[in-house]
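Student: What follows is a single structure, and I will ask about it in a moment.
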Amino acid sequence: MPPQIIRLVLLTIGIVCVYFTARFFLVPPSFGQYGHYRANALQDIASRQPFWAGKASCLECHPDHAQKLAKGEHKTLSCETCHGPGRAHVANPAEKLPKLNISMCVRCHQISPSRPKWLHQINIHNHYTGSVCTECHVPHQPNEVP
Amino acid sequence: MSDNINRRSVLKNLAGVVGGLLAMPAARTCKAAVQNVFAVSPAPKGYDPFKHKWLMALDVDKCIGCGLCVEACCEENDVPEGHFRTWIERYVITKPKAGSGETRGETFVDSPDGGKEGFPELQIPKEDILKSFFVPKMCNLCEKSPCTQVCPVGATFDSPDGAVLIDKDYCIGCGFCVQACPYGCRFFNPVTRTADKCTLCYHRITRGLKPACVEICPSQARIFGDLKNPVPDDPLQKFISTNKVEALKQYLGTRPRIYYAGLDEEVR
């Protein structure tokens, strides 16, 4: 075989070797296990800590509220929808959740032509202005009168 | 010297080198397996992505536009200010001009701050409105996701359990995927310097919790479920069987998996 061909063959083999060596060290472990991505990424993404505690963890200590809530129109609501994030309170029950004000009610119940018709809507500008919602409504049982 | 180099010793050394190279992948696999056993990862244990197929459905008729889902998502996932993994759009369609012979007038769409703080009062007088409604938007979990196809490094992918995820350690922040998504569901995160998008709250669903937006939505406009493990009286199955469902921009062939009920033709 002519020497120039041998040199070319050796060069090609060298390049292929460098490619496979580099690939061996650069491709992260678990890449390609499930597809063209790092399979460990699934675990990395899942290892983030949840922020919202979830209704189930509230009901562990407050089952009475669940019974109350289940009777009324607010049965679809999660506790944290109105009361705000409860993770700190779950970890340490002494840490109280903030008191709620009228803005939480208005946020959903203020009248708007864009809101669906099934939703009970009021206009805060003329619906018993000056009173607090809870004077006439029970948030956990909206069908009841206090 | 010439005594030491002979055919036998050269062949022996070559065989050693080849054997070593062949043994390295096996050694690496063993090392990774051992590391997996002893590594302390905060990821939930015992979750098999092949045993689940998650799906969300959105009910337009139930969305009241309170914006609590957007707020919940931003807090859950540390979404930077001004960016959204999910957002709410308000559609206002006006009445047609008298005698114009049209079915509808103009369409106005707004989403101030993604609907995070709710929506301001409408400036269009009520008499002029033909109809108005809110539409929650998020990643459409496409089966043929264009965003994952354009990634040059394999940093974004369709996970086996139905979420479309981003490997933030591997993303080079080129932004191809942000442009590729026809639904505008991806953004460039200025804090992590990577692409960012809805993960279906992967860290929550792997722990048996609902995604933050589903948990917080007061009107059950967002329905979430596992197609492989339907629970008794499954809300997702019920939603699909009781509603006429459709998906956004089906003509693009991306096969979006997110189902909508009550869509208007103006919604894109």
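Student: What distance in nm separates the two pseudo spin-label positions at A:Phe25 and A:Val90, each 7 Å out from Cα along the beta-carbon direction?
Tutor: 4.6 nm
Student: A follow-up question, please. Go ahead and estimate [θ] at 222 nm for the protein assembly as shown from helices alone: -39,500 (n - 2.57) per DSSP H run with n ≥ 4, summed, over the residue count, rounded to 500. Walk me through the numbers on the way to the answer.
Tutor: Working: 14 runs with 133 residues, N = 414.
The helix-only estimate for the protein assembly as shown comes to -9500 deg cm²/dmol at 222 nm.
Student: OK, next. What is the set of long-range amide H partners of B:Lys53 at a cut-off below 5 Å, with H atoms built 1.01 Å from backbone N?
Tutor: B:Leu227, B:Lys228, B:Asn229
Student: Continuing with this model, one more query. Please turn the phi angles of segment A:129-134 into ³J(HN,Hα) values with the Karplus equation 6.51 cos²θ - 1.76 cosθ + 1.60 (θ = phi - 60°), one per residue in order, whole Hz, x for glycine and proline.
Tutor: Taking θ as phi minus 60°, the curve returns 4, x, 9, 9, 3, 6 Hz for segment A:129-134.
Student: Still on this model: Applying 1/(1 + (r/R0)^6) with R0 = 30 Å to the Cβ-Cβ distance of B:Ala23 and A:Thr12, what FRET efficiency is obtained, to the nearest 0.05? It would help to have the intermediate numbers written out before the result.
Tutor: Numbers: r = 25 Å, r/R0 = 0.85.
Efficiency, from the Cβ-Cβ distance: 0.75.
Student: Sticking with this one: With the crude spin-label approximation of a point 7 Å out along Cα→Cβ, what separation in nm comes out for A:Asn143 versus B:Glu127?
Tutor: Between A:Asn143 and B:Glu127, the simple spin-label model gives 3.9 nm.
Student: Which trypsin sites (Lys or Arg not before Pro) does segment A:3-108 hold that lie in a coil by DSSP with at most 14 other beta carbons within 10 Å? Intermediate results must be reported in sequence, preceding the final value.
Tutor: Values: sites: A:Arg7, A:Arg23, A:Arg38, A:Arg48, A:Lys55, A:Lys68, A:Lys71, A:Lys75, A:Arg87, A:Lys96, A:Lys99, A:Arg107; in loops: A:Arg48, A:Lys96, A:Lys99.
Sites meeting the loop and neighbour criteria: A:Lys96, A:Lys99.
Student: Can you work out the Karplus-derived ³J(HN,Hα) for every residue in segment B:210-226? Use 6.51 cos²θ - 1.76 cosθ + 1.60 with θ = phi - 60°, whole Hz, and x for glycine or proline.
Tutor: 7, x, 4, 5, 5, 4, 8, 3, x, 10, 6, 6, 10, 10, 10, x, 10
Student: Cut-off 10 angstrom, C-alpha nodes, Gaussian network model of chain B. Which of B:Lys238, B:Lys53, B:Lys116 fluctuates the most?
Tutor: B:Lys238
Student: If I take R0 = 30 Å and measure r between the Cβ atoms of B:Cys174 and B:Lys31 in this structure, what FRET efficiency does the formula 1/(1 + (r/R0)^6) give, to the nearest 0.05? Please report the intermediate quantities before stating the final value.
Tutor: Details: r = 31 Å, r/R0 = 1.04.
The calculated FRET efficiency here is 0.45.
Student: Obtain the nm distance between the two label points defined at B:Lys249 and B:Lys95 by a simple spin-label model: each point lies 7 Å from its Cα along the Cα-to-C-beta direction.
Tutor: 3.5 nm
Student: Under 8 Å for C-alpha pairs, at least 6 residues apart: give me the relative contact order for segment A:55-135, rounded to a whole percent.
Tutor: Numbers: 38 pairs, mean separation 15.3, N = 81.
That works out to 19 percent.
Student: Now for a separate question. Using the C-alpha atoms of chain B, what convex hull volume per residue, in cubic angstrom, is computed? Show your work: numbers first, answer last.
Tutor: Working: hull volume 54.3 nm³, N = 268.
Looking at chain B, the number lands at 203 Å³ per residue.
Student: Something else now. Could you list A:Thr129, B:Thr86 in order of exposure, starting from the residue whose Cβ has the fewest other Cβ atoms within 10 Å? Let's see the in-between values first.
Tutor: Values: A:Thr129 8, B:Thr86 26.
Taking fewest neighbouring Cβ atoms as first place, the list is A:Thr129, B:Thr86.
Student: If you don't mind, there's one more thing I want to ask. In segment A:17-124, which GluC sites (Glu not before Pro) are in a loop and have at most 12 other Cβ atoms within 10 Å, using DSSP for the loop call?
Tutor: Qualifying residues, ordered by number: A:Glu95.
Student: When only DSSP loop residues count, what GluC sites (Glu not before Pro) in segment B:198-268 have their Cβ near at most 11 other Cβ atoms within 10 Å?
Tutor: Numbers: sites: B:Glu215, B:Glu246, B:Glu265, B:Glu266; in loops: B:Glu265, B:Glu266.
In loop regions of segment B:198-268 (DSSP not H, G, I, E or B), the sparsely surrounded GluC sites (Glu not before Pro) are B:Glu265.
Student: Looking only at B:Gly105, B:Gly118, B:Gly225, which one moves most when chain B is put into a Gaussian network model with springs between Cα atoms under 10 Å?
Tutor: Comparing B:Gly105, B:Gly118, B:Gly225 in the GNM, the peak value goes to B:Gly105.
Student: Continuing with the same structure: Residue by residue through segment B:42-50, which ³J(HN,Hα) values in whole Hz follow from phi under the Karplus form 6.51 cos²θ - 1.76 cosθ + 1.60 (θ = phi - 60°), with glycine and proline marked x?
Tutor: x, 5, x, 7, x, 9, 9, x, 7
Student: Quick one: putting +1 on the C-beta of Lys and Arg, -1 on the C-beta of Asp and Glu, what dipole do you get for segment A:1-134 around its Cα centre, in Debye to the nearest 20? Kindly include the intermediate steps, with their values, before the conclusion.
Tutor: Details: 14 positive and 6 negative charges, 48 e Å.
Result for segment A:1-134 is approximately 220 debye, rounded to the nearest 20.
Student: While we're looking at this one, here's another question. Amide H neighbours of B:Lys131 under 5 Å, at least 5 residues apart or on other chains, H built in the peptide plane: list them.
Tutor: B:Ile93
Values quoted throughout were computed directly from the atomic coordinates according to the rules given, and no laboratory measurement underlies them. Please read all numbers here as calculations on a predicted model, not as lab measurements. We place every Cβ from the backbone using ideal geometry, glycine too, and count neighbours over all the protein chains shown.
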